[in-house]
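Undergrad: Sending over a structure as structure tokens; questions will come in a sec.
No value in this document is a laboratory result; all are computed from the given coordinates. Bear in mind the structure is a predicted one, so any value in this text is a computation, not a measurement. As a convention, Cβ positions derive from the backbone with ideal geometry for all residues, glycine included, and neighbour counts pool all protein chains shown.
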Amino acid sequence: MSIEYVAFSYRIAKTLRGIHRPARDQWLRAAQSIPLNIAEGNGKQSLKDKSRFFEIARGSALESASIHDVLRVCDGIDDESNRRGK
């Protein structure tokens with residue numbers, strides 16, 4: 001599911017230009033961070049290490065959702081894209 005979200009983010013990001021660039025760039029970093037941290041967490045042996053990476057992935061997911069809201073109120077994305085991404 002997190003990989004599909006990255007693909008979704010890239011499809012939408014291709015349409016974002018101008019004033020929306022900073023949010024777009026931050027969104028792509030946050031979106032990529034989700035599956036990367038899940039993968040790294042799954043590779044750890046200790047529960048403490050696993051939990052740390054899963055918490056980072058969760059934080060990146062929440063950050064991505066917030067960026068959706070920012071892009072929506074600034075007319076970077078439409079309501080449908082905002083709903084699908086969340």
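Undergrad: If the reach is capped at under 17 angstrom between alpha carbons, list the aspartates and glutamates near K48, excluding any in the same chain fewer than eight residues apart.
TA: Filter leaves E40.
Undergrad: How fast does region 20-86 diffuse by Stokes-Einstein, in µm²/s, taking the Kirkwood radius from C-alpha pairs at 4 °C and 1.567 mPa s?
TA: Estimated diffusion coefficient is 103 µm²/s.
Undergrad: Eigenvalues of the Cα gyration tensor times 5, then square-rooted: what semi-axes does that give for region 10-53, in whole angstrom, largest first?
TA: Result for region 10-53: semi-axes of 31, 9, 4 Å.
Undergrad: Apply the Karplus curve 6.51 cos²θ - 1.76 cosθ + 1.60, θ = phi - 60°, to the phi angles in region 73-86 and return the couplings in whole Hz, x for Gly and Pro.
TA: 5, 9, 6, x, 9, 8, 4, 4, 5, 4, 5, 4, x, 8
Undergrad: Sticking with this one: Once amide H atoms are built 1.01 Å from N in the peptide plane, which residues 5 or more positions from G76, or in another chain, come under 5 Å H to H?
TA: none
Undergrad: Can you tell which of G85, V6, S51 lies farthest toward the positive end of the dipole of the chain, using +1 and -1 charges on the Cβ of basic and acidic side chains (Lys, Arg; Asp, Glu)?
TA: S51
Undergrad: While we're looking at this one, here's another question. How far is helix 2-13 tilted, in degrees, relative to the longest principal axis of the Cα atoms in the chain, given as a value from 0 to 90 rounded to the nearest 10?
TA: Between helix and principal axis, roughly 20 degrees.
Undergrad: Right, something else. Report the gain in length on full extension from A65 to R17: 0.36 nm times residue separation, minus Cα-Cα distance, nm rounded to one decimal.
TA: Value of the extension gain: 15.3 nm.
Undergrad: Can you tell me which lysines have their Cα less than 21 Å from the Cα of K14? Leave out same-chain residues fewer than eight positions away.
TA: Partners found: K86.
Undergrad: With θ set to phi - 60° and the Karplus curve 6.51 cos²θ - 1.76 cosθ + 1.60, what are the ³J(HN,Hα) couplings of region 27-36 in order, to the nearest whole Hz, using x for Gly and Pro?
TA: These are the phi-based 3J(HN,Hα) values: 4, 5, 5, 5, 4, 5, 5, 4, x, 5 Hz.
Undergrad: On to the next question. Residue by residue, what Karplus-based ³J(HN,Hα) values in Hz, rounded to whole numbers, does region 55-70 have, using 6.51, -1.76 and 1.60 with θ = phi - 60° and x for Gly and Pro?
TA: Those phi angles translate into 5, 5, 4, 4, x, 5, 5, 5, 4, 4, 4, 5, 5, 3, 4, 4 Hz.
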